[in-house]
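To start, the structure under review is shown below, and the notes come after it.
Only the coordinates and a few stated rules stand behind these numbers; no lab work does. Being a predicted model, the structure only gives us computed values, none of them experimental. Please note: Cβ atoms are built from the backbone with ideal geometry, for glycine as well, and neighbour counts cover all protein chains shown.
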Amino acid sequence: MDPWAQLFMLGLRQHGVVTRRQAIALGIAATSFDRRVRREGWYRLHPGVWLLPGADRQAYFTRASAALLAVGDHALATGWSGLFAHGVLLRPPPIATLVVPWQTGTRRLHAVRIVRSRTLLEEDRTTVSELAVTSPQRCFLDTARTDSRARLRTLLIDARQRLIVEPSQVAARVMLHPSVPGAQRLIAAARDVDAVGADSVLSDVVHRRLLDAGLVPDSTPIAITTPGGRILHPDITFSAERVCIECDSLGYHGTQRGLDLDHRKDQGYRQAGWNCIRVAWYRFDNDWDGFERDVRLALATAAGRVG
């Protein structure tokens, strides 16, 4: 195959970027590569790393791939960069964060943060869409250096909800190096999420605020089976009183399809003998007292009925 064709195929796998060294390794003369780069006006992302014609230099995977190529094979995307690659974050961070072994030399690169680590393990290495990244567990460890416990808790909930990694798996990895900056904060956040069993940020904060108010839900919400055999999964349950809470945190609940589904679920709860109370972000922020009164009334009514 023509060396130039091989280079362009390689560039496609690398999200639109190639290096001068790769071109030479494929048999392209350095002078030929330099002439074509000048003639066609290729964009240089980092020293020795070039954007192929037609590729989007603003695309995050392109920028991350270019940074990895500039630093070398020992580098891995991690932290927020890795969490975005794994799908925990839905918006790309403004800079690429890479981690390299401690003994490795580094150089400054534009819009790239490089972390040198003594705790990088072979098991931390993986790939996502041809991009060298750390495992989700390691991404969280590197994120914990700068993120708050509340922010880490939110990210852990998102990761669990999207079936990317469990908080307990993150905690197990972090416990191998408990003295790393942020490790104890991350362990605490993972325990927070596991203790509450929340699968959304809203259900997490609602659960915690209920606890602060002296209202103690089940530590993990139980599934509810309707008389017709349908299984429902509320966000928060008080199983002794047969009271549950649905936390409507997504815009989906405002669509006609979402409203219809919520109506069917509410019917199912009633058929199963449960009282379901719904709360969205607006009520959480603006009418918590009213919501708390509704919960207390539902629990008191159930207690009177049971008694």
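Over all directions, the projected convex hull of the C-alpha atoms in the chain averages 21.2 nm² in area. Taken about its Cα centre, the chain carries a charge dipole of about 1220 debye when Lys and Arg each add +1 at the Cβ and Asp and Glu each add -1 at the Cβ. In terms of the mean number of neighbouring beta-carbon atoms within 10 Å, the peptides 296-303, 66-73 order highest first as 66-73, 296-303.
Remark: Tyr43, Tyr269, Tyr60 ranked as Tyr43, Tyr60, Tyr269, counting other beta-carbon atoms within 10 Å and listing the fewest first. Comparing Thr127, Thr19, Thr225, which has the greatest mean-square fluctuation in the GNM of the chain with Cα pairs linked when under 10 Å apart? The residue that fluctuates most here is Thr225. Beta bridges per DSSP, both residues in the chain: antiparallel share near 55 percent.
Toward the positive end of the charge dipole of the chain, with +1 on the Cβ of Lys and Arg and -1 on the Cβ of Asp and Glu, the farthest Cα among Leu186, Pro3, Ser135 is that of Pro3.
If you average the alpha carbon positions of the range 28-45 and of the range 117-185, how far apart do those two centres end up, in angstrom? If you average the Cα positions of each part, the centres end up 39 Å apart. Of all DSSP beta bridges confined to the range 60-196, the antiparallel ones make up roughly 45%. Residues Glu123, Glu292, Glu241, Glu40, ranked from the fewest to the most other C-beta atoms within 10 Å, line up as Glu40, Glu123, Glu292, Glu241.
Note on Asp287, Asp147: ascending count of other Cβ atoms within 10 Å places them as Asp287, Asp147, the fewest first.
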